[in-house]
1. Hey, does region A:172-194 have a residue that's under 21 Å from A:Thr125 (Cα atoms), touching a helix residue (DSSP H, G or I) at 6+ places or on another chain (Cβ under 7 Å) and buried (at least 24 other Cβ atoms within 10 Å of the Cβ)?
2. So which of A:Leu388, A:Leu368, A:Leu354 is within 13 Å of chain D (Cβ to nearest Cβ) and crowded, with 24+ Cβ neighbours inside 10 Å?
3. Considering region C:565-601 alone, what residues qualify as being part of a helix (DSSP H, G or I) and small (Gly, Ala, Ser)?
4. Could you grab me the full set of residues in region C:481-499 that are under 25 Å from A:Glu514 (Cβ atoms) and either in the same structural domain as C:Val418 (by TED's automatic domain parsing) or out of contact with any Leu (no Cβ under 8 Å at 6 or more places or on another chain) (or both)?
5. Being under 41 Å from the mean Cα position of the chain (by Cα) and not in a helix (DSSP H, G or I) is the filter here; which residues of region C:361-389 pass it?
6. Identify, from the list A:Leu494, A:Leu473, A:Leu502, A:Leu489, the residue that is more than 10 Å from chain C (Cβ to nearest Cβ) and either free of Cβ contacts under 8 Å to residues at least 24 places away in the same chain or assigned to a loop (DSSP other than H, G, I, E, B) (or both).
7. Going through region A:206-224 one residue at a time, which ones are among the β-branched types (Val, Ile, Thr) and facing chain D (nearest Cβ under 8 Å)?
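The values are calculated or read from the model by the stated rules, or taken from the named source; none is laboratory data. Nothing here was measured: the structure is a model prediction, and the numbers come from that model. No Cβ is skipped: glycine too gets one built from the backbone with ideal geometry, and neighbour counts run over all protein chains shown.
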Amino acid sequence: MWQGFFQITLTILILVPLVHFLGRYMARVFLGDKTFLDPIMVPLERTIYLLGDVRYKDDMTGWQYARSVLLSNLVMGILVYLIFVLQLILPLNPTSLNPPSWDLALHTAISFVTNTNQQHYSGETTFSYFTQIAALGFLMFTSSATGLAVGIAFIRGLTGKLLGNFYVDLTLSITRILLPLSIVGGLILIFLGVPETLASPETVTTLEGAKQVIARGPVAHFEFIKQLGENGGGFFGINSAHPFENPNSASNLIETLAMVCIPAALIFTYAIFANNLKQGWLLFGMVFIFYVVLIAIAAVGEFQGNPLVNNILGEQQPNLEGKEVRFGWAQTALWAITTTGTMCGAVNGMHDSLMPPGGFSTLFNMFLQMVWGGQGTGTAYLFVYLILSVFVTGLMVGRTPEFLGRKVEKREIVLASVILLVHPIAVLIPSAITLAFPETLAGISNPGFHGISQVVYEYTSAAANNGSGFEGLGDGTMWWNLSACISLLAGRYLPIIALLLLADSMAHKQPVPETTGTLRTDTVLFTGVTAGIILILGALTFFPVLALGPIAEAFQFATGH
Amino acid sequence: MKRIDLFDEFLPRDFKEGVELLKAQWRRRPLPIQLFLLMCLNLIIAPAVYAAAGTEIDRRSAWALGMLGLLTLGLSIYVFVVIFQPEHF
Amino acid sequence: MTNPTSKPRRTPQGRRDSRRHTPKVDTKGLYQRAVRESFVKLDPRVQVKNPVMFIVWVGTIITALLAIDPYLFGAVPGENLRLFNALIAVILFFTVVFANFAEAVAQGRGKAQADALRSTKSDTIAKKLLPDGSIQEVSSTTLRRGDQIKVVAGDVIPADGEVIAGVASVDESAITGESAPVLKEPGSDIASSVTGGTKIISDELTIRVTADPGKGFIDRMIALVEGAERSKTPNEIALTVLLAVLTQVFLIVVATLPTIASYVNSSVSVAILIALLVALIPTTIGGLLSAIGIAGMDRVAQFNVVATSGRAVEACGDISTLVLDKTGTITLGNRLAEEFIPVNNHSIEEVAQVALAASVFDETPEGKSIVRLAEKLGATVDFDRSKAEGIEFSAKTRMSGTNLPDGGEVRKGAVDSVKGFVRSRGGQLAPDLDQAYERVSRLGGTPLAVCQDNDIYGIIYLKDIIKPGIRDRFDQLRRMGVRTVMLTGDNRITASVIAQEAGVDDFIAEATPEDKIAVIQREQAEGKLVAMTGDGTNDAPALAQANVGVAMNSGTQAAKEAANMVDLDSDPTKLIDLVTIGKQLLITRGALTTFSVANDIAKYFAIIPVIFASAGIQSLNIMGLASTKSAVLSALIYNALIIPALIPLALTGVKFRPLTANQLLQRNILIYGLGGVIAPFIAIKVIDVLIASVGLA
Amino acid sequence: MSIFREIVKAIRVTLIFWLLTGIIYPLLMVLTGQIVFPYQANGSLIKNAQGQTIGSALIGQPFSSDRYFWSRPSTTNYSSFPAAEFDPKNPDNITQRTGTSGASNLAPSNTQTLLKDNRKPDDPDLLKRIQIDVERLKQANIQPTADMVYTSGSSLDPHISVQSARSQIARVAQARSLSTNQVEILVPKYTDDRFLGIFGEPGVNVLKLNLALDTLQSGSGAND
């Protein structure tokens, strides 16, 4: 047991210097400072601006920025949808795979363009190599860069700067952060055993004489951006549990760190933009504590294993259902919390088979959306919570609440509220409809309280743009494809629009100088209060479904019936 | 104008008068008419509730549940109005 | 319950109590009226204005229907459902009534205050001065702005106005509560304006009316305390949004719960769902929000300040810079001549003689004190006053004086100005002038130079007396994060001495009226909210520029119109109290919101485990509540009772202490945040035990 | 700026990034991979002594003979098909062309024992399945451990725990008429340790171990 917790601890400790460094680097990139990649990337960016008709000095307003996000994402979605349906006549389809049904294609396109990568299909048996690399792999860069750009624009607005230009931020995200890291990371993964080939699947005769079909493909480059960009859509159906996506504990460590580094680093990027490192460390510390506690809850549950099975085995053994030997309970629990926290959605073990504490923590993570949170947007959500805390606590010190010297007024509260409301609407309402017709709509594979978790998880994953699934759910139906689309779109674009408008209105406020009467937001006290408010808001909204899902399931084990 | 003539042709005179009465009433006293229309809407929803719930409830309860659902929806819209136009409250 | 107004508000020094004199308010029958009002307010058209309470109101009706027919929405398990549903309906009903009561009490107190004011204002007969000089008796309601009227001893002044002729004493106790009569005379900034409803007790005055009927001072005050003109402040609106969002969230949570629960065969009755909804939505703050706002305005009125809008009161809490005039605010009233210092080989008697000559026409207290001091030193007026000409002080020349019948010019004024005057007349400057000037300045006094033609005779030492206790108050303000800037016409040295003694953060010496605006604009450019007091006509632009401008009631009409608050007591230091009131208003809202939301944790833990007992989550029933029914009822009863329990707090406001923001937050989070988490656990358990013991459920 | 121009700009930027990240980047990586790490890039395929490709070093295989170490239970039988049923040309057998992966996705609570929900006998049931596996293992004289009773996540897990490998040594040695010592020394040789001795769990690569056994015996057989 202690070895397990030791490796978890060590992994997340590596994180601290890593994200500190990356956060500083990203700040330099988006502040336009010199970086070591300038000699290579500046000409490339110039070309992109020239070909794309991007005037990089034009700052956008919040609404212009949002419109650019929506338009570009729409175009990308259409392009990818076309590749899906034309799969058969496009090259690199060694197994002659047919195009998916229209609703599955629509769900997949929306799911990937929203950086969710919720998959209602199995990679090997659905998409050709060309579709995987030129459609899905392409969206992995752009959707992630979109999130990052929005996050940066939000940080700019919050710190009183102009929002910048979406296309410039999109370009910089790709050329300065995602692409260089992906090239390096992808090569390391190939070295560690992840295939990168255009050859068709290999059929072999096993030692015992059976025919084994070994799926492969251009996986390595896809795998790394999948992790780094919080995309999470696996090349293979079983995602990072597949030995070709994640062959050993070294690749597992790299992929775990890749998954968490950008969202965590953005807190430091903010700190540099705001010129307040102290607050950066405090916020980092707060989220880190959430992260650690949730990992501990999930890990202990997996370590203790299934009491019913332990009865049969005659001793306490970890729950290894849906887990790989090379990762064990510790790395799987760590991954599960990281992937649901960062809205990556890749899995290296099956979440449906997690013990109730694991189910609870993963769901809770996606409800909060800020234990690191999605690419760019996660940090923005963290600040939305901060703004709400500022509003309530600011009143309590007898001043009109202000954040970073900018007053939080009706407009800001309305916009923050929209973000707060999206989740209950996009999760609870479709869950309730689906659960009202369990026979016809839901396709629940694990009955009982776990069935509630399955359905709620699916919509939460969609609305939080996470993409992981309680995969047992029979979710390939038209109902699931289309209803999840609504949650996907609502969970992505409503908050993005609100965030950008919020950033815009904060940017244009006259900053109020700080006095002793100003509520400082970079204190342990305020950070603690914020943590309490995040917990209360998250818990209050979803307490009933958590109580009827994982909590009831846990009590079921405790009482044995 | 043609459309209205068509109405005249195919629908009984009473219907047209009924619609006009409703319109006039709406202008004068909106609330009762809104309630009336809500109940009309419920004539569509109640059977759906009845069908969905299966054998567990009778027709009357289905109708009441339909009303309750509409009322909840109405309250939700009302709260949205408050969120976006708080000055009026 | 005690009447919160009758409780004297303690402030750090306890001295301010004396300043607060609530006009006689008739609180008799206040509560009976409030009870009646709280039922009248059940009108849905009133309720719909308060989203949180409107939901409770709708819930009451549905549960009442369920009390009549428990099986309205289908079969529900359990016995005595009718009684149970009826109990829920009754509790919900009282939740709404209690919220209405809170608002009604707050409004009632305002109304009582308004009534007290209104009693001073009756339709009087006014003597209107027609253009031809004749007098016409008209009703006071027909008076218009610009009309001229005459009042004589014993009359009630029929309208707000400005004295244009006559000198008289006026009893202003009706509005200020101060019984000592005030002298009114034309011309001077301070004493020329009169308020409708006050009583002239000697002599007679000619007044130019400055307010149309219904727009007068008392009318504005009545309107404000009655809440007629009360529109929501920006902060209140933002809070309304937040409360509506929480309501929406819980509406969705509760509405989706039955189908989600039905999947695991845990059915919940509609009555219990409504109970859960009401327990979760922020009824506590929703019920008290408007009472807090009204009470805040009341508190301002109790300090004898008329605010033109709630916005201004709220802005007081945000003030980060106070711009204060030295005179009257930091120092006691007027400076008095203390000593004559001769220069240029003149004798002290010569100085006294010239000073007297320069001051004979000076009617200001300073001028009079110079005359007194000079006469004490034996100086006499040796020219024919009627042939001499008085030169009035102007902000531009910063000198006053007399043109003597023999053509001689005597002047007194700011040393620099007098120097300039002497130089312009070809005179020499005395070598020992600067020494004397500095000596006086270092004492914190104001040096005035006196001269005749081109010869400077000496310096008059005007002594300033700093108000006792003012330093402590500035220290408090500093701790709240409010910077104080003193404005004074004094020279730099004097100003710095006084600034240091009084403990202000900054000062502007030798300030002109333009400087006032400049300093306000400068602070505002940095994003600060600025408050200032003023009374003179030349303060009007600055008062309008400031975020919070408080005009003295004794000031000119122009100043009063430019300001967004008027202090009836004409006490410049009251700004400090206003800051406290503004902060208190916001703190009360924030604290009760936090409390209300924090309560939800306990209510969840009371209701969810017992209604989903079939799901096997009884272990979450950490309070060990007796049964489903008693758990639901206790949570609801707590939810209802907490509203009247917090009415006194809502009306008096959360106590404000001059602490830094962090200390305040720490304190309030402990009391209202942590308290809000813990208190309901205890209270609900106690209520549950009581319910179980009487066998109600 | 007109909406039309904005759309054109969105299309242009989309196409640029499509080329850069959807075409150029993957091709670059495939080329580099094929040139620099051809073994890994093509799936770490391994050959037997006869030079036939018999599998991938990273992908497990099912074993049921006593002569081999057994792998973990798999829901897809390690993407393998009995030779008799193998007909990839049949359009219905898509997984025989593409390969497959997949887990049981059974919730820990998904069992009749706990839910008491009158399920059909052939419905999936975690405990029932595990009980069958435990019986099978006990019959083969293997102490059941977690890895041998729970199905893996990918259904292709190449590893078993060191403990369950050890408990199979006697059986394999007996079936192959080898001394336990000969088999025992192979186990640590094909154990993949934790990364840097810290991260992950050690696992015995079943395919490599079984291949080594075959090689050992064919080699010794040749010497005979």
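1. Of all residues in region A:172-194, those under 21 Å from A:Thr125 (Cα atoms) come to A:194.
From the residues that got through so far, the ones that are touching a helix residue (DSSP H, G or I) at 6+ places or on another chain (Cβ under 7 Å) too are A:194.
Next cut, buried (at least 24 other Cβ atoms within 10 Å of the Cβ) only: A:194.
Yes - at least one qualifying residue is present in region A:172-194.
2. Working: A:Leu388 fails: within 13 Å of chain D (Cβ to nearest Cβ); A:Leu368 fails: within 13 Å of chain D (Cβ to nearest Cβ).
Just one listed residue meets the conditions, A:Leu354.
3. Within region C:565-601, C:Gly582, C:Gly590, C:Ala591, C:Ser596, C:Ala598 meet the criteria.
4. Of the residues in region C:481-499, the ones under 25 Å from A:Glu514 (Cβ atoms) are C:481-487, C:499.
Listed by number, the residues that qualify are C:Gly481, C:Ala499.
5. Correct list: C:Phe361, C:Asp362, C:Glu363, C:Thr364.
6. Details: A:Leu494 fails: either free of Cβ contacts under 8 Å to residues at least 24 places away in the same chain or assigned to a loop (DSSP other than H, G, I, E, B) (or both); A:Leu502 fails: either free of Cβ contacts under 8 Å to residues at least 24 places away in the same chain or assigned to a loop (DSSP other than H, G, I, E, B) (or both); A:Leu489 fails: either free of Cβ contacts under 8 Å to residues at least 24 places away in the same chain or assigned to a loop (DSSP other than H, G, I, E, B) (or both).
Sole residue among the options that is more than 10 Å from chain C (Cβ to nearest Cβ) and either free of Cβ contacts under 8 Å to residues at least 24 places away in the same chain or assigned to a loop (DSSP other than H, G, I, E, B) (or both): A:Leu473.
7. Residues of region A:206-224 that are among the β-branched types (Val, Ile, Thr), as a first pass: A:206, A:213-214, A:219.
Result: A:Thr206, A:Val213, A:Ile214.
Yes/no per residue for (1) more than 9 Å from chain D (Cβ to nearest Cβ); (2) in contact (Cβ under 8 Å) with a residue 60 or more places away in the chain:
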residue	(1), (2)
A:Ser173	yes, no
A:Leu178	no, no
A:Val204	no, no
A:Gly233	yes, yes
A:Ser249	no, yes
A:Ala258	yes, yes
